[in-house]
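The values are calculated or read from the model by the stated rules, or taken from the named source; none is laboratory data. As the structure is a computational prediction, the values presented were derived from the model and not from experiment. A quick note on method: Cβ atoms are made from the backbone with ideal geometry, for glycine too, and the neighbour counts reach across all protein chains shown. These accessible areas exclude ligands, DNA and RNA; they are computed on the full protein's heavy atoms, side chains included. Shrake-Rupley method; radii C 1.70, N 1.55, O 1.52, S 1.80 Å.
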Amino acid sequence: AALESLDLSDNQMGDEGVKKLSKALVGCTSLTSVALADNMIGPTGATDIAHALSHFTKLQKLHLQGNRVTPAGAHELFECLS
């Protein structure tokens, strides 16, 4: 069975942890929901997430609340997902 939903909220992984996670998730194209709330993710981590998520054509939900994603990071996410 393919991974469709991933919730790693409240793990305090920060930008470095998200970078590693993003590399690991590139092949998970069946993801429809990703929750990474409250993980101390900053603009660098948002960029890493954006590049990984651009491969997920089925993604419907992305939860990043409670992180430090700046407007520039949010713009990067928007660009990669649209």
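Roll a 1.4 angstrom probe over the protein heavy atoms and tell me the percent of accessible area of the chain that is carbon or sulfur.
54 percent
Hey, with R₀ at 22 Å, roughly what FRET efficiency would S82 and L3 work out to, going by the Cβ-Cβ distance, to 0.05? If you can, show how the numbers build up before the last one.
Numbers: r = 23 Å, r/R0 = 1.05.
In this case the efficiency is close to 0.40.
Using the heavy atoms of the protein chains and a 1.4 angstrom probe, tell me the accessible area per residue for the chain in square angstrom.
Counting only protein heavy atoms, the per-residue value for the chain is 57 Å².
Where is the GNM fluctuation largest for the chain (alpha-carbon springs, 10 angstrom cutoff): N11, N67, N39?
Ranking N11, N67, N39 by mean-square fluctuation puts N11 first.
Quick one: plug the Kirkwood hydrodynamic radius of the stretch 18-65 (C-alpha pairs) into Stokes-Einstein at 4 °C, 1.567 mPa s, and report D in µm²/s.
Stokes-Einstein gives a translational diffusion coefficient of 121 µm²/s.
Tell me which residues come under 5 Å, amide H to amide H, from A35 once H is placed; ignore anything under 5 positions away on its chain.
Placed amide hydrogens put L6, D7, L8, H63 under 5 Å from A35.
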